[in-house]
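Asks: Can you read through this structure? Questions will come right after.
The values are calculated or read from the model by the stated rules, or taken from the named source; none is laboratory data. Here the structure is a predicted model, which means the values were calculated and not measured. Cβ atoms come from the backbone with ideal geometry, glycine included; neighbour counts cover every protein chain shown. Accessible surface areas use protein heavy atoms only, side chains included; no ligands, DNA or RNA. Shrake-Rupley method; radii C 1.70, N 1.55, O 1.52, S 1.80 Å.
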Amino acid sequence: DGGITQSPKYLFRKEGQNVTLSCEQNLNHDAMYWYRQDPGQGLRLIYYSQIVNDFQKGDIAEGYSVSREKKESFPLTVTSAQKNPTAFYLCASSMSWGNQPQHFGDGTRLSIL
Amino acid sequence: QQPVQSPQAVILREGEDAVINCSSSKALYSVHWYRQKHGEAPVFLMILLKGGEQKGHDKISASFNEKKQQSSLYLTASQLSYSGTYFCGTGDRGSTLGRLYFGRGTQLTVWP
């Protein structure tokens, strides 16, 4: 079955440590997205990629980095510069850029040790 | 540019109806609706494009009033499975055409 796989489901980070969240899709979608979800805040866009080898900053990109070297993969690195990384992170994809339904992964919950 | 959803929370009995509203301060091109159950991924419900059209499936439908820059989601004869948090995502026609701005969500609880 086609879908989006995020791993790990739970992740713990120590102070000063970078961590990478994995997102893989086998839907053959061109566009991919990373959102951060905090209680009562809705979904806030961190980075998005319209097509492979291209990505753009979203609304809260500071302290995060991404790469899009393969169509099916869009990993997110939470760097030590992100001072408040505890949140639920959701990866999504859509067939193409522009008003297409977004399909979401099951999320990664990141906590600080 | 985050749209405003109202109400923040709704509690219903099975079989009752509910309306969730989503309004934006910017001219809209599209509105998406998603439902998220606790600890799970948001699931796409429907997309509405400009033109005031109404879409729906089963007993969930939505309208989009481009002039008023708002959309409403209608849940008719609610079922227990309708419980969850509903998000609207709005797309505009400006330089950010293609990306969505999500509201803070409306938490819907259906009791038997």
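Asks: So, for chain B, what is the accessible surface per residue at a probe of 1.4 Å, expressed in square angstrom?
Replies: In whole numbers, chain B has 49 Å² accessible per residue.
Asks: Now for a different question. Please report the buried accessible area for the interface of B with A, total over both chains, probe 1.4 Å, in Å² to the nearest 100.
Replies: Using a 1.4 Å probe, the pair buries roughly 1700 Å².
Asks: While we're looking at this one, here's another question. Between the range B:15-45 and the range A:1-50, how many Å separate their Cα centres?
Replies: After rounding, the separation between the Cα centres reads 21 Å.
Asks: State the answer as a single residue: which of A:Ile4, A:Pro39, A:Ser22 lies farthest towards the positive end of the charge dipole of chain A, with beta carbon charges of +1 for Lys and Arg and -1 for Asp and Glu, about the Cα centre.
Replies: A:Pro39
Asks: Right, here's the next one. Where in the range A:48-113 are there GluC sites (Glu not before Pro) that are in a DSSP coil and have at most 12 other Cβ atoms within 10 angstrom of their Cβ?
Replies: Those satisfying the criteria are A:Glu62, A:Glu69.
Asks: Which residue, chosen from A:Gln56, A:Ala81, B:Leu80, occupies the Cα position most advanced towards the positive end of the dipole of the protein assembly as shown, where the dipole is computed from +1 (Lys, Arg) and -1 (Asp, Glu) charges on Cβ about the Cα centre?
Replies: Most positive-ward Cα: A:Ala81.
Asks: Which value, in debye to the nearest 20, describes the size of the charge dipole of chain A about its Cα centre when Lys and Arg Cβ atoms bear +1, Asp and Glu Cβ atoms bear -1, and nothing else is charged?
Replies: 320
Asks: Taking the solvent-accessible surface of protein heavy atoms with a 1.4 Å probe, what is the per residue accessible area of the range A:20-113 in Å²? Could the numbers behind the result be given before it?
Replies: Working: 4010 Å² over 94 residues.
Accessible area per residue: 43 Å².
Asks: Could you size up the charge dipole of the protein assembly as shown around its Cα centre, putting +1 on the beta carbon of Lys and Arg and -1 on that of Asp and Glu, and report it in debye to the nearest 20?
Replies: 420
Asks: Please give the charge dipole size of the range B:59-112, origin at the Cα centre, charges +1 on K and R Cβ atoms and -1 on D and E Cβ atoms. Round to the nearest 20 debye.
Replies: The dipole magnitude comes to about 80 debye.
Asks: Under the Karplus relation 6.51 cos²θ - 1.76 cosθ + 1.60, θ = phi - 60°, what is the ordered set of whole-Hz ³J(HN,Hα) values for the range A:96-113, x standing for Gly and Pro?
Replies: Karplus values, whole Hz, x for Gly and Pro: 8, 7, x, 6, 10, x, 9, 9, 9, x, 7, x, 10, 9, 9, 10, 9, 7.
Asks: Just tell me how shielded A:99-107 is by partners: mean number of partner chain Cβ atoms within 10 Å of each residue's Cβ, no decimals.
Replies: 6
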